[in-house]
Amino acid sequence: MDSKQPKTILFVDDEESILSVSSEYFQRKGYQTLTAKSGAEALQILKQQSVDCCFTDINMPEMNGLELAEKIRINDNTMPVIVMTGFPSLENTIQTIKNGVVDFLIKPVNLKQMELSVQRVIQQRKLFVENVLLKKEVESKRRLEKLNQELLYKVEELNILNKIMSKFETISSSTDVFKRAVDLALEIVHADLTGFYVINEAIQEPVEVSFAAAGQQGVTPTSSVSETVGDMPLAQHHQSLEPSKSALIMDVVTDEIPLLIAENPGTDGLTPDIRSAMIVPLKIRETVFGVLTAFVNQGAKRFVEKDLYYLSFLAQSAAHAIENLALYENIYENLFATLYAFVKAVEARDLYTQQHSSRVTGLSLILGQHLGCSKEELDTLNFAGHLHDIGKIGIRDDILLKPGRLTSEEFEKIKDHPVIGANILEQLGLWEQERQIIRCHHERFDGSGYPDGIKQQKIPFLARILSVADVYDAMASDRAYRKKMQDDVIIKIINDGVGTQFDPDVVAAFNKVYKEGQITRYMETGEIN
Ligand SMILES: [Fe+2]
């Protein structure tokens, strides 16, 4: 409110002479004035104009001054209303105050008196408004700060929950889930030791499968407690799972309720070296199958409800990951079985190609092992080997089963099978690597193969392995149009293909394992090594 701005006063009286006298006087004093002959007129003016103070007579027809004061107050409770009356009564006075009238003048009113009253109430109004605004500002500031803090808290919480969820998204085995759960728990709740236990139903005891300790971590081998994990002797580590702690875990398993011991009172069966502890159950389909534990052994850290919330969320996420994994493994196995059934159906139509895919797989695995492939690569090879010719489903029987030589058109049709096979897998949206191997198993090292004519390192390494195994088995078995070939002839053909059809490294591996007798043994017995 600008104090230099002239103040506007509204005079309400049914006597015109009073209006004109007051108006004139206040105008001379530098005020702006407005006049109304009735309450209704006054309210109309107040709707349209900004007024700083209102003088009203009490006794007016239709709406008296007190009614007007009340209506004004309902609209704007900061507006000062000064009432003037000739005959003050106690009842009137009380009503006046109730209606929010700030001053009371008794007629006949002296103009100077009116001016003082105006100055006073306008000053009061200014303070009142400032005070209200200030209060509002302080309140909204406080509320903002609180909101801000809550927001920060929420953001932090969301970040943590998000981190937990994303960590479990890219997991490929149950062991990974256990390990990731304990590592994450250690980090998020700032524990000194976290553990993952599954419940051995037979002995009704928790068995540790994974743990993480501040500064060291590992997966617990299940074979023997005398083994060590990293530098930490497992025996020492297992100390913490003394019977009372084990009983506490089994309590949580029975109650199915997360347990928080903020401060170890020494009566819950925990050894005194544990200062703070949390144990949360992991449920899959409403059944508890394990627990996640977190302990503090040193320092000032104590677990609070929030930590329990995070650990519970973590346990829940881990349980979901395990469930999904089981589900995925199931789907994966089912799909693989279905696809392989197709391959076997194709092979069954041709007496000569029966077991071809299975033998190619075995030979590929022998070569892969010799070439130092990882477990995952061997799994991929196993899958792709069994399914490499699945695209033959799409080739007409009269071409596929034709005894004798194929015409060039027929051969072109046969050449579609790697692409058809890759497309089948693509439609399932799974097994990208396997799909590439299936597509590339007829590519040649010098780029003269099909379907893409890619060469050397552009051809996936596992496809280069599969290619040697595929060709060897084709020559080493009877075909509709010829008897199986002699091994020395096959070895020569394969070695002649070094650098043109085959990867030299794969052929070198083949020669080595052939000399060792692994190939012949496998072809005779079906056993690897
Ligand atoms: Fe093939």
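At full extension, A508 and M165 could sit 118.9 nm farther apart than now, given 0.36 nm per residue minus the alpha carbon distance.
In this label model, L327 and S244 are separated by 4.2 nm, measuring between points 7 Å along each Cα→Cβ vector. Our note on the geometry: Cα centres of the range 117-159 and the range 370-436, 73 Å apart. Averaged per residue, the chain has 54 square angstrom of accessible surface, using a 1.4 angstrom probe with ligands and nucleic acids left out. With only the Cα atoms considered, the range 383-521 has a convex hull volume of 114 Å³ per residue. Rolled with a 1.4 Å probe across the full set of protein chains, the surface gives L462 an accessible area near 10 Å². Of the residues F295, F178, the one with the largest accessible area comes first in the ranking F178, F295, computed with a 1.4 Å probe on protein heavy atoms. Relative to the compact-globule estimate of 2.2 N^0.38 Å, the Cα radius of gyration of the range 117-201 comes out at 2.28.
Sorted from greatest to least, the principal axis extents spanned by the alpha carbons of the chain come out as 138, 72, 37 Å.
To the nearest 500 deg cm²/dmol, what mean residue ellipticity at 222 nm is calculated for the chain from DSSP H runs of n ≥ 4 alone, each contributing -39,500 (n - 2.57), summed and divided by the residues? Computed mean residue ellipticity for the chain: -17500 deg cm²/dmol. In the context of the full protein assembly, T78 retains an accessible surface of approximately 30 Å², using a probe radius of 1.4 Å and ignoring ligands and nucleic acids. Rolling a 1.4 Å probe across all protein chains gives L10 an accessible area of roughly 0 Å².
The candidates K415, K492, K515, arranged from most to least accessible area with a 1.4 Å probe in the full protein assembly, appear as K515, K492, K415. The apolar share of the surface of the range 453-504, taken as the fraction of accessible area on carbon and sulfur atoms (1.4 Å probe, ligands and nucleic acids excluded), comes to 54 percent. Work out the FRET efficiency for S374 and V489 from their Cβ-Cβ distance, taking R0 = 45 Å, and round it to the nearest 0.05. My answer for the efficiency is 0.85. Ranked by solvent-accessible area (1.4 Å probe, protein heavy atoms only, all chains present), the residues E410, E434, E205 order from largest to smallest as E205, E410, E434.
Computed with the Debye formula from one identical point scatterer per Cα of the range 276-427, without solvent, the log10 of I(q)/I(0) at q = 0.11, 0.13, 0.14, 0.20 Å⁻¹ comes to -0.66, -0.77, -0.82, -1.20.
The values are calculated or read from the model by the stated rules, or taken from the named source; none is laboratory data. This structure is a prediction, so every number in the text was calculated from the model and none was measured. No Cβ is skipped: glycine too gets one built from the backbone with ideal geometry, and neighbour counts run over all protein chains shown. In case anyone asks, the SASA skips ligands and DNA or RNA and just uses the protein heavy atoms, side chains included. Shrake-Rupley method; radii C 1.70, N 1.55, O 1.52, S 1.80 Å.
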